[in-house]
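Let me begin by presenting the structure, written as structure tokens, before commenting on it.
Computed from the coordinates by the stated procedures, all read-outs in this text should not be read as laboratory data. This one's a predicted model, so the numbers in the text were calculated from it and none came from an experiment. As a convention, Cβ positions derive from the backbone with ideal geometry for all residues, glycine included, and neighbour counts pool all protein chains shown.
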Amino acid sequence: MKTIAFIPARGGSKSIPLKNLKLFCGKPLIYWVLNAANQVKDIDEIVVATDSSEIEDAVSKFYFDKVNIYHRDVLNAQDHSSTESVMMEYIEKSNLQNEDCFILIQATSPLLTEKHLNEGLSRFNLDKYDSVLSCVETKRFFWNKDGSPLNYDYANRPRRQDFSGMLMENGAFYINSIANIKKYKNRLSGNIAISLMEEYTAVEIDEPEDWVIAEELMKRFGKRQEKVNKIKLVLSDVDGVLTDAGMYYSETGDEFKKFNTRDGMGFQILREKGFKTGIITSENTKIVERRAKKLKVDYVYQSKKHGGKLEAAIEICKKENIELDEVAYIGDDVNCFELLSKVGVSACPNDAVKKIKKIKKINILETKGGQGAFREFSEFLIKE
């Protein structure tokens, strides 16, 4: 059985133009659900169904290895088009089998996490359920338009802690089999199970006001936020991060490296905000030594290849009396892999090698090495 995550993402949006690409907590909105789905081991493929070349270009730059683009028919990308219409279009044109699992994920639910999807799949895999939808429990009192209460007795108003409340769809995800979707032409059918998510995930981004609320919720409840708040030390590689990875030589054999002044300001900003900083590189040159002195970094470790970078970071942590999850590191190549996989917050330039971009939960920056990637990373840490 194959498991497909399907994310409709059309280019048109009247309330918030190009909504799926608008930056949400520093990343395009669609990034967050893609990131969540990409971390779920049981999801085999993630399909983004879009009519927009801009969305296609943006998604391709995330470098999620499970993601593929489906070019949806323009007729199913209109304001009046239903989600079911594009689901059916894709299913009819694909080679999916009846027993395959289909997860519909809404791009407007950035608070969705890997944990939520795993819990939903666990519910679906119980034999007694045909489909699953995500809900939140709300303890609000609802009324009908005729002035009658919908879910409580106003003459005996219950205390919140004694009130069971109601379940409400939050629109984050729906799970069903291909056979059921073909038969009923609907995302849900048969014996339906509820997969509960936290109440704060009830917000869906449809209006500008929703955006403000959702960003504040992400900052308060998002896992990434918790990790960023703990950071005390920021470390960087040199070649491919602070430089463009180029090797420049004069006719007499002198070696040169090109640094970016914006990165220098990034180090200064971090220092002013109270972060300790450091450089760990596999090279050993006077150039790096002089650059580090000008940047006023707290630590410089050279000639650290592969595992040596992790050892250097651990040594710094001991001196600072902190843990590795209180460290942020930016690197670009395979000799950075071990350290990037262990620190609290990791990042890489946009032109880093594929193996680095596939590290779980790494932040892939928009900037290339030597073009201000460290500055972008420093601003990300401070903003968060």
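Across segment 193-200, coupling constants 3J(HN,Hα) worked out from phi with the 6.51/-1.76/1.60 Karplus curve, θ = phi - 60°, read 9, 9, 10, 7, 10, 4, 4, 5 Hz, and Gly and Pro carry x. The order of Lys139, Lys360, going from fewest to most other C-beta atoms within 10 Å of their C-beta, is Lys360, Lys139.
Residues in segment 137-148 carry Karplus couplings, in order, of 8, 10, 10, 9, 9, 10, 10, 7, 5, 7, x, 9 Hz; the curve used is 6.51 cos²θ - 1.76 cosθ + 1.60 with θ = phi - 60°, and Gly or Pro positions show x.
Past the 26 Å Cα-Cα mark, which pairs from Lys139/Lys219; Lys93/Lys183; Lys41/Lys128; Lys41/Lys309; Lys296/Lys355? Those over the limit are Lys41/Lys309; Lys296/Lys355.
What are the aspartates and glutamates whose alpha-carbon lies under 16 Å from the alpha-carbon of Lys273, with same-chain residues fewer than 8 places away excluded? Lys273 reaches Asp263, Asp298, Glu326, Glu376, Glu379, Glu384. Of all aspartates and glutamates in the structure, those lying under 19 Å Cα to Cα from Lys115, and not within fewer than 8 positions of it along the same chain, are Asp42, Asp44, Glu45, Glu137, Glu169, Glu198, Glu199, Glu204, Glu226. Over 25 Å apart at the Cα level, from the set Lys232/Lys294; Lys19/Lys232; Lys230/Lys319, are Lys19/Lys232. Between segment 323-384 and segment 29-53, what is the C-alpha centre distance in whole Å? Result: 21 Å between the Cα centres.
Each of Asp57, Asp73 was scored by other Cβ atoms within 10 Å of its Cβ. Arranged with the fewest first, they read Asp57, Asp73. Note on Glu216 and Lys258: the model spin-label points, each 7 Å out from Cα along the C-beta direction, lie 4.5 nm apart. Using a cutoff of 8 angstrom between alpha carbon atoms and counting only pairs six or more residues apart, the relative contact order for the chain works out to 14 percent. Listed by chain and number, the aspartates and glutamates whose alpha-carbon sits under 18 Å from that of Lys145, ignoring those within fewer than 8 places in the same chain, are Asp153.
Computed from phi, the 3J(HN,Hα) profile of segment 363-370 under the Karplus parametrisation 6.51, -1.76, 1.60 (θ = phi - 60°) reads 8, 8, 7, 7, 9, 7, x, x Hz, with x in place of Gly and Pro. Once you order the gyration tensor axes a ≥ b ≥ c over the Cα atoms, which shape class does segment 238-297 get: rounded for a/c under 1.5, otherwise prolate or oblate by comparing a/b with b/c? It is prolate, given that a/c is not under 1.5 and a/b is the larger ratio.
For segment 227-383, the relative contact order works out to 30 percent when only alpha carbon pairs closer than 8 Å and six or more residues apart are counted. Using a Förster distance of 22 Å, how high is the FRET efficiency between Asn95 and Ile69, based on the Cβ-Cβ distance and rounded to 0.05? The calculated FRET efficiency here is 0.85. A simple spin-label model places pseudo-atoms 7 Å from Cα toward Cβ; at Asn144 and Asn186 they are separated by 2.3 nm.
Shown here are the Rg and Dmax of the Cα trace of the chain, at 24.4, 93 Å.
Quick one: grab the alpha carbon gyration tensor of segment 331-384, order the square roots of its eigenvalues as a ≥ b ≥ c, and give me rounded if a/c is under 1.5, else prolate or oblate depending on whether a/b is larger than b/c. Note, shape of segment 331-384 comes out oblate.
Using the beta-carbon distance between Leu196 and Lys296 and R0 = 56 Å, what value does 1/(1 + (r/R0)^6) give for FRET efficiency, to the nearest 0.05? Computed FRET efficiency for Leu196 and Lys296: 0.65. Here the spin labels are modelled as points 7 Å beyond Cα on the Cα-Cβ line, and at Asp79 and Arg159 they lie 4.9 nm apart. The dipole here belongs to segment 37-156: it is taken about the Cα centre, uses +1 on the Cβ of Lys and Arg and -1 on the Cβ of Asp and Glu, and is about 520 debye.
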